[in-house]
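Asks: Next up is a structure, given as structure tokens.
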Amino acid sequence: MPTSSTNGDQVAIIQTSAGQMVAEFWPDVAPKTVENFKKLASSGFYDRTCFHRIVKGFMIQGGDPLTKQPGRESMWGTGDPGYKIPAEFNDRSHQRGVLSMARSADPNSAGSQFFICLGDASFLDRKYTAFGKLIKGDDVLGKIGETPVVANTSGEQSKPTVRVEVQSIKLAPRSAVP
């Protein structure tokens, strides 16, 4: 039976240079991950970061604090909040609009970086921590996903040619979102 709590009724309003997206959280399957994301968002941690990795048809990745510093571009993708959180793999499928935590080869290496799926990425299911889903702004997700990219330092076609900034991530009651 669904329960109503302030935690489950809160959404993230992700304001980007391409427009606004709104995401609901899944605290029932990833409580520590949701708590961590909310803590970082509330502190302004994500403000002025950017989506530094865009893989067409797959996902957009952001949440690296180093992306606030254009001169440190070679380090983008390596930043974190100074700690790691344990994985909370669950049965939610990685489909378009799903938010999930980015990590290295170590399953328990997520910190602040997250990605939003652009399509079916179910091969990530139970290997990455899915913790929410867009409820508004699919058009913005699509626009960001179509950002032109070039090869990054490892050769992957994922480095955006223009900066797509996360201007802010604010928490709000679901009822405040039209």
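What follows draws every value from the coordinates through simple rules; no lab data is involved. Please read these numbers as outputs of a predicted model, since none were measured by experiment. All Cβ positions, even for glycine, are placed from backbone atoms using ideal geometry, and neighbour counts span all protein chains on display.
Asks: Amide H to amide H, which residues 5 or more places from W26 or on other chains are under 5 Å from it, using H placed in the peptide plane?
Replies: Under 5 Å from the amide H of W26: G132.
Asks: Hey, got the dipole for segment 10-176? About the Cα centre, +1 on K and R Cβ, -1 on D and E Cβ, debye to the nearest 20? Walk me through the numbers on the way to the answer.
Replies: On the way: 21 positive and 17 negative charges, 46 e Å.
Dipole about the Cα centre, nearest 20: 220 debye.
Asks: Please list, in chain and number order, the residues 5+ apart from V149 or on another chain whose amide H is under 5 Å from its amide H, with Hs placed from the backbone.
Replies: T161
Asks: Under a point spin-label approximation (7 Å from Cα along Cα-to-Cβ), what is the S17-V55 distance to one decimal in nm?
Replies: Result for the modelled spin labels: 2.3 nm.
Asks: Can you give the alpha-carbon Rg of segment 109-172 over 2.2 N^0.38 Å, where N counts its residues? Present the calculation step by step, with values, prior to reporting the outcome.
Replies: Values: Rg = 13.6 Å, N = 64, 2.2 N^0.38 = 10.7 Å.
Output field value: 1.28.
Asks: Using Cα atoms only, what is the angle between the long axis of helix 31-42 and the major principal axis of the chain, expressed in degrees (0 to 90) to the nearest 10?
Replies: Value to nearest ten degrees: 60.
Asks: Could I ask something else about it? Mean residue ellipticity at 222 nm from the helices of the chain, using -39,500 (n - 2.57) per DSSP H segment of n ≥ 4 over the full residue count, to the nearest 500 deg cm²/dmol? Walk me through the numbers on the way to the answer.
Replies: Numbers: 2 runs with 20 residues, N = 178.
That comes out to -3500 deg cm²/dmol.
Asks: Ratio to report: Rg/Rh of the chain, with Cα atoms as the point set and Rh obtained by the Kirkwood method; give two decimals.
Replies: Numbers: Rg = 15.1 Å, Rh = 16.1 Å.
On the Cα set of the chain, Rg over Rh gives 0.93.
Asks: Also: Just grab the label-to-label distance for A151 and I135, each label 7 Å out from Cα along the Cβ direction, in nm (one decimal).
Replies: 4.3 nm
Asks: Determine the relative contact order of the chain: mean sequence separation of Cα pairs under 8 Å and six or more apart, normalised by residue count, in whole percent. Please list the in-between numbers first.
Replies: Details: 413 pairs, mean separation 58.6, N = 178.
Contact order relative to length: 33 percent.
Asks: Amide H neighbours of F114 under 5 Å, counting only residues 5+ apart in sequence or on other chains, H built in-plane at 1.01 Å?
Replies: Result for F114 returns G62, G63, A102.
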